[in-house]
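Notes follow once the structure below has been shown.
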Amino acid sequence: MEYRMLIGGEAVAAKSGETFESVNPYDQQPWARVPRAGPEDVDTAVAAAREAFTTGPWPRLTPTERGRLLRNLGDLVASHAEELATLETRDNGKLYSEMLTQLRYIPQWYYYFGGLADKIEGMVHPVDKPDIFNFSHHEPYGVVAAITAWNSPLLLAAYKLAPALAAGNTVVLKPSEHASCSTLRFAELFALAGFPPGVVNVISGFGPEIGDALTGHPDVAKITFTGSATTGRRINAVAGQDFKSVTLELGGKSPNIVFADADLDNAANGAIAGILAASGQTCVAGSRLLVEDSIHDAFLERVVAIARTARSGDPMDPATNIGPVATKAQYDKIRGYLEIAEAEGAERVLGGTPDPDPAIGKGWFIEPTIYANVTNAMRIAREEVFGPVLSVIRFRDEDEAVHIANDTRYGLAAGIWSQNLKRCIELPKRLRAGTVWVNTYRAVSYMTPFGGFKASGTGKENGIEAIRQYLQLKSVWLSTADSFSNPFTIR
Ligand code: NAD
């Protein structure tokens with residue numbers, strides 16, 4: 001397969017002609033060639049987006065017409081869901097069943113924000129001055145740079161594109177170099193949906209090679225990013241030079257807290273969903289399992305028993321629970337954390353070796369791994385592993401659970417398992433995390449805000465408020481006074 005980028009409505013190769021291979025994590029075979037954009041391609045893509053924003057038909061469309069195009073796009077994603085999900089699985093090795101579920105859900109983002117496009121209302125302000133009519137309204141920023149991670153390319157793109165386009169911006173979208181193909185194929189749907197050329201441009205390439213050129217480009221007004229805290233920090237620094245608005249969705253080290261009064265069967269499934277779903281390669285992974293002392297041993301046994309039943313294998317096979325991790329670098333990083341955990345004295349109760357069964361395939365498989373007797377000071381409890389590796393930490397009471405849960409630089413998500421109504425209502429208020437799930441885990445919706453506290457990011461995606469990330473507020477003053485006198489005082 002040979003892919004093209006989308007710039008100014010044209011399917012193009014990189015100007016240099018360079019490409020790179022996409023490798024299937026399951027069989028470790030290259031299966032596609034992808035354009036390797038350079039800074040010159042960034043310039044062309046930003047120029048196309050800038051032109052579409054200022055002079056093209058896009059700024060003259062009514063918000064209702066923008067909404068209609070977004071709904072067309074949603075329909076097209078729905079009718080291409082199987083194809084796009086297959087590309088994602090080939091690219092990042094995640095289960096086809098997971099990617100297909102995402103792809104079938106993604107159209108809702110385009111329908112929801114398409115519906116919101118013509119409901120962005122301004123306000124008339126009753127100012128304390130005579131002869132003045134004052135109102136404010138929301139305006140798009142202009143060119144938005146949208147940068148996504150490899151783990152859920154088109155879902156993360158939908159979080160960004162749907163509100164950015166509904167608000168009237170134009171976009172340069174850059175998927176991860178580790179999973180570009182579904183986004184490049186998706187790019188072909190914009191013309192079919194009726195979007196004018198240049199409104200959405202998609203470039204592929206390596207973040208370290210073109211990231212600064214994109215985020216530092218003088219014609220990029222807004223940056224929306226999903227990825228690691230390390231890259232988020234770099235983007236913030238570059239964007240800060242020109243005081244650009246940024247939305248950053250970063251990593252996490254989320255606590256999943258199980259109290260003795262929980263429904264323990266549900267909680268055990270919740271613990272597994274938190275760490276083994278997507279082979280642990282999810283930003284909201286419940287990678288720290290906090291368990292109340294009195295149930296610790298029995299609960300751990302339950303979790304280990306379920307984890308043992310998880311089947312590693314071909315991510316296209318519906319019977320598979322655990323696919324390979326996405327890249328060799330990711331595999332090596334996780335292996336490194338297993339060594340760190342052992343050296344720190346964590347007690348391995350499951351896994352910890354590369355999956356020894358050759359029958360499951362040649363891919364980068366990591367066995368589900370569980371460490372007990374972890375303290376919150378260990379690196380395995382403090383750093384994002386991004387793999388199927390669970391750290392189990394004991395706590396005495398609610399106060400200690402809250403202390404451990406909040407004792408992290410991250411603040412993306414948290415889980416609580418309890419049947420005590422008061423606790424279920426009061427405890428979420430004490431947790432420093434952008435999302436708290438109570439007796440469930442890893443639920444997301446286009447209708448509900450999502451985003452991190454602390455080092456997990458800034459800004460929110462999803463829900464009505466998300467559209468504000470792509471709008472700036474302008475205040476307009478009109479005077480009906482007959483004279484404009486005394487220019488030397490404030491009015
Ligand atoms: P990453 O930071 O390595 O890469 C993310 C994207 O940034 C890629 O497209 C990459 O090419 C680009 N990039 C790299 N350097 C850049 C630079 N200097 N300037 C601009 N762009 C640059 O992250 P990853 O390994 O692809 O993804 C895994 C991370 O993403 C994990 O930390 C995970 O928690 C996080 N994540 C967060 C969320 C969320 O919503 N909070 C969702 C999914 C993943």
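Here are the numbers for this structure:
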{"quantity": "Selected residue (criterion: nearest to Leu154 (Cα to Cα)) from residues of the stretch 422-447 that are loosely packed, with under 14 Cβ neighbours inside 10 Å and within 20 Å of the chain's Cα centre (by Cα)", "calculated": "Ser445"}
{"quantity": "Restricting the stretch 439-461 to residues that are of a type in the set (Phe, Trp, Tyr) and assigned to a loop (DSSP other than H, G, I, E, B), the residue that is nearest to the ligand (Cβ to nearest atom)", "calculated": "Phe453"}
{"quantity": "Residue tally, condition near the ligand (Cβ under 8 Å from one of its atoms) and surrounded by fewer than 24 Cβ atoms within 10 Å (Cβ to Cβ), over the stretch 177-209", "calculated": "5"}
{"quantity": "Enumeration of residues in the stretch 1-27 that are over 26 Å from the mean Cα position of the chain (by Cα), in a strand (DSSP E or B) and charged (D, E, K, R)", "calculated": "Glu2, Glu10"}
{"quantity": "Test: Glu301 is charged (D, E, K, R) and within 20 Å of Val172 (Cβ to Cβ)", "calculated": "no"}
{"quantity": "Options Lys160, Lys174: the member that is farther than 22 Å from Leu116 by Cα, of a type in the set (Lys, Arg) and either within 16 Å of the ligand (Cβ to nearest atom) or surrounded by 24 or more Cβ atoms within 10 Å (Cβ to Cβ) (or both)", "calculated": "Lys174"}
{"quantity": "Residue within the stretch 410-426 that is at pLDDT 95 or above, more than 16 Å from the ligand (Cβ to nearest atom) and within 20 Å of Thr226 (Cα to Cα) present", "calculated": "no"}
{"quantity": "Per-region count, the stretch 248-287, residues within 14 Å of the ligand (Cβ to nearest atom) and outside any helix (DSSP H, G or I)", "calculated": "14"}
{"quantity": "Filtered residue count, the stretch 305-326, keeping only those that are touching a Pro at 6+ places or on another chain (Cβ under 7 Å) and either surrounded by fewer than 21 Cβ atoms within 10 Å (Cβ to Cβ) or part of a helix (DSSP H, G or I) (or both)", "calculated": "2"}
{"quantity": "Considering residues of the stretch 210-242 that are assigned to a loop (DSSP other than H, G, I, E, B) and of a type outside the set (Gly, Ala, Ser) only, the residue surrounded by the most Cβ atoms within 10 Å (Cβ to Cβ)", "calculated": "His217"}
{"quantity": "Close pairs (6 angstrom Cβ cut-off, 6 or more residues apart or separate chains): within 13 Å of Ala149 (Cα to Cα) in the stretch 228-245, of a type in the set (Gly, Ala, Ser) and more than 10 Å from the ligand (Cβ to nearest atom) anywhere", "calculated": "Ala229/Ala455"}
{"quantity": "Ile272 being in the same structural domain as Ile404 (by TED's automatic domain parsing), of a type in the set (A, V, I, L, M) and under 26 Å from Gln28 (Cβ atoms)", "calculated": "no"}
{"quantity": "Identity of the residue in the stretch 28-56, part of a loop (DSSP other than H, G, I, E, B) and surrounded by fewer than 15 Cβ atoms within 10 Å (Cβ to Cβ), that ends up farthest from the chain's Cα centre (by Cα)", "calculated": "Thr55"}
{"quantity": "Residue count, the stretch 210-234 (criterion: near the ligand (Cβ under 6 Å from one of its atoms) and in contact with an Asp or Glu (Cβ under 9 Å, 6 or more places away or on another chain))", "calculated": "4"}
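The values are calculated or read from the model by the stated rules, or taken from the named source; none is laboratory data. None of these values were measured; they are calculated from a predicted model. Virtual Cβ from ideal backbone geometry, glycine too; neighbours counted across all protein chains shown.
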